[in-house]
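For reference, the structure is listed below as structure tokens.
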Amino acid sequence: MYQVEADFINEKKVWEALENSKNTEPKQVKEVLAKAAEMKGLDLNDVAILTSISSPEMLAELFDTANRVKETIYGKRLVLFAPLYISNLCANECLYCAFRATNKAIDRHALSQAHIAREVDVLIRQGHKRILLVAGESYPKEGLQYVLDSVKTIYDVKSEHGEIRRVNVNVAPLTTDEFKRLKAANIGTYQIFQETYHRESYKKVHVGGKKRDYNWRVWSLHRAMEAGIDDVGIGVLFGLFDYRFEILAMMQHINELEEKFGVGPHTISVPRMEPATNSDLASHPPFPVSDIDFRKIVAILRLAVPYTGIIMSTRETAKMRQDTFALGVSQISAGSKTNPGGYEEDDEISGQFSLGDHRSLDEVIRDVASMGYIPSFCTACYRLGRTGQDFMDLAKPGDIKLHCAPNALSSFKEYLQNFASSETVTVGNELIQKSITEMDGIARQRAEKLVKRVEAGRDDVYC
Ligand code: SAM
Ligand code: SF4
């Protein structure tokens, strides 16, 4: 079934919606923003109208509405994670990526399990609790078992400084049976980016290997969900095609998953193309996305799917990352390396693409905290089985704040006590105090209780 044309990505409908949104009046934009403020999501035509915004006044209104929705649902918390590249072996030819098979300019490695454990140890010592495992599409002779073993290795590393509590995975699409094996390895979210939903552009930039098959990739989350993985992440590589088209087509993908499985994606990633070793395409994206359009993309997604996490990586600069926290981003990576083995020993040339933010985890945390955002290392939902539909049921009425806010504070306190520099401790403790004072009711009681338990020496407390 999953070889057939994926008719849920209907390009004609996308173009029609975009055509109909031309010459949109400010009144129509305001109506859509009023609907968005109710936090029930938007349909394809609404989203098309938002993509047509260009005047500074309307953009300001869009940003303001996105900010209010973000703060109502997520409060000030920002979840932190680190990517862990276990291998840059790849059999595909994605013209924008340094890992593509014919690129001779990078050193190739698939880390041994012992090496992975050492990388994880470095991340644990920095204070990380969540890892996103990343690999090219070609594994050593063990095949998929290499990825499964790697997940186990990551969970098994225990040190006096703690352990990794959630492993998300971004690897090439699998069969349903293989996804079942991945699920059994106890992963958190499985994420995969379609790169571009525009079939013709997809064909032009994927010129070798299995990834040439658009349909195999676009059906992959159906297979993952059928295999029981109910937290899935989607994304587009912005720069390959018109961002307006991509947002609408991604909405079609989201609607399809909601219809078929009763729950949409857990996260959306918004990678923007960055230069990559030996790639002309990556240095000259065919549809470059300006900084202002990039902010617009984040704000529109926040309004279109208010309860879906938005992930921003260190591809972007510190400034862009800061701007987009206010518009909808809820998860960020920090202190990242994109070359296998890069945490122990860095070699940027062999990375997947260039990074825009090179700061350490401690620096990012201090910065985030001084802006009033609470860095969160919480992994409670996944560990208490609040995933997929259960997560959405809890998230939709806003109850998640009763869990997320206290858990963010206790996990942040744990970070401050065990890993932070003295400057970060000062900024962080002030923020924790201020945040508790601003809370009330059950959330405040829970936060006070959890933070006290951490102060008393307990780690890993959550509700
Ligand atoms: N190899 C698997 C695949 O392609 O699905 C999974 C990992 S791949 C390393 C992760 C993501 O990196 C890709 O889906 C793509 O969106 C992103 N990426 C590749 N080249 C990039 C570039 N030059 N700039 C930014 N992101 C890039
Ligand atoms: Fe390989 Fe993924 Fe890079 Fe494509 S994006 S070359 S599949 S690692």
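In table form, for the structure just shown:
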item: Failed criterion for Tyr382 (all others in (1) at pLDDT 95 or above; (2) more than 16 Å from ligand 2 (Cβ to nearest atom) hold); result: (1)
item: Selection count where residues are more than 14 Å from ligand 1 (Cβ to nearest atom), among the charged types (D, E, K, R) and either closer than 29 Å to Glu11 by Cβ or within 17 Å of the chain's Cα centre (by Cα) (or both), scope the range 166-212; result: 5
item: Tabulated pairs, the range 153-165, first within 19 Å of Tyr382 (Cα to Cα), second of a type in the set (Lys, Arg), C-beta under 6 angstrom, 6+ apart or interchain; result: Arg165/Lys129
item: Odd one out for Glu57 among (1) closer than 22 Å to Asn255 by Cα; (2) surrounded by fewer than 16 Cβ atoms within 10 Å (Cβ to Cβ); (3) not small (Gly, Ala, Ser); result: (1)
item: Test: residue in the range 19-29 that is assigned to a helix (DSSP H, G or I) and touching a residue at least 40 places away in the same chain (Cβ under 8 Å); result: no
item: Filtered residue count, the range 73-124, keeping only those that are of a type in the set (Gly, Ala, Ser) and away from ligand 1 (no atom under 16 Å from the Cβ); result: 4
item: Unique match (being closer than 30 Å to Phe238 by Cβ, open to solvent by 20 Å² or more (accessible area, probe 1.4 Å), basic (Lys, Arg) and away from ligand 2 (no atom under 12 Å from the Cβ)) among Lys152, Lys104; result: Lys104
item: Tally of residues being surrounded by 13 or more Cβ atoms within 10 Å (Cβ to Cβ) and at pLDDT below 95 across the range 12-36; result: 1
item: Residue match in the range 254-263 (condition: modelled with pLDDT of 95 or more and within 16 Å of ligand 1 (Cβ to nearest atom)); result: no
item: Any hit, the range 419-432, residues being farther than 15 Å from Pro375 by Cα, in contact with a Pro (Cβ under 7 Å, 6 or more places away or on another chain) and open to solvent by 20 Å² or more (accessible area, probe 1.4 Å); result: no
item: Pair list, Cβ under 6 Å, 6 or more apart: the range 77-102 residue farther than 29 Å from Ile365 by Cβ, other residue of a type in the set (Lys, Arg) and within 11 Å of ligand 1 (Cβ to nearest atom); result: Asn92/Lys211; Glu93/Arg100; Cys94/Arg100
item: The lone exception for Met371 - which of (1) modelled with pLDDT under 95; (2) closer than 24 Å to Thr317 by Cα; (3) crowded, with 20+ Cβ neighbours inside 10 Å it fails; result: (3)
item: Residue match in the range 201-211 (condition: farther than 24 Å from Phe99 by Cβ, free of Cβ contacts under 8 Å to residues at least 12 places away in the same chain and surrounded by fewer than 17 Cβ atoms within 10 Å (Cβ to Cβ)); result: no
item: Search result, residues across the range 128-153 that are away from ligand 1 (no atom under 16 Å from the Cβ) and closer than 18 Å to Ala82 by Cα; result: His128, Lys129, Arg130, Lys152, Thr153
item: Residue identified as in the same structural domain as Pro285 (by TED's automatic domain parsing) and at pLDDT 95 or above among Glu160, Glu246; result: Glu246
item: Unique match (being open to solvent by 10 Å² or more (accessible area, probe 1.4 Å), more than 23 Å from Cys94 (Cβ to Cβ), of a type outside the set (Gly, Ala, Ser) and touching a helix residue (DSSP H, G or I) at 6+ places or on another chain (Cβ under 6 Å)) among Met225, Met251; result: Met225
item: Qualifying position, being surrounded by 20 or more Cβ atoms within 10 Å (Cβ to Cβ), over 30 Å from Gly209 (Cβ atoms) and modelled with pLDDT of 95 or more, among Asp46, Asp64; result: Asp46
item: Single condition Leu89 does not satisfy, out of (1) assigned to a helix (DSSP H, G or I); (2) touching a strand residue (DSSP E or B) at 6+ places or on another chain (Cβ under 8 Å); result: (1)
item: Meets criteria (more than 16 Å from ligand 2 (Cβ to nearest atom), at pLDDT 95 or above, open to solvent by 10 Å² or more (accessible area, probe 1.4 Å) and more than 22 Å from the chain's Cα centre (by Cα)) for Ala114; result: yes
item: Residue ID - nearest to Ala82 (Cα to Cα), chosen from residues in the range 117-127 that are in contact (Cβ under 8 Å) with a residue 60 or more places away in the chain and open to solvent by less than 10 Å² (accessible area, probe 1.4 Å); result: Leu123
item: Total residues in the range 433-442, condition surrounded by fewer than 22 Cβ atoms within 10 Å (Cβ to Cβ) and within 15 Å of Arg77 (Cα to Cα); result: 5
item: Identity of the residue in the range 300-319, of a type outside the set (Gly, Ala, Ser), touching a strand residue (DSSP E or B) at 6+ places or on another chain (Cβ under 9 Å) and not in a loop (DSSP other than H, G, I, E, B), that ends up modelled with the lowest pLDDT; result: Met312
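The values are calculated or read from the model by the stated rules, or taken from the named source; none is laboratory data. Everything numeric in this text was worked out from a predicted model, so none of it was measured. We place every Cβ from the backbone using ideal geometry, glycine too, and count neighbours over all the protein chains shown. Accessible surface is based on the protein model in full, side chains and every heavy atom, while ligands, DNA and RNA are left aside. Shrake-Rupley method; radii C 1.70, N 1.55, O 1.52, S 1.80 Å.
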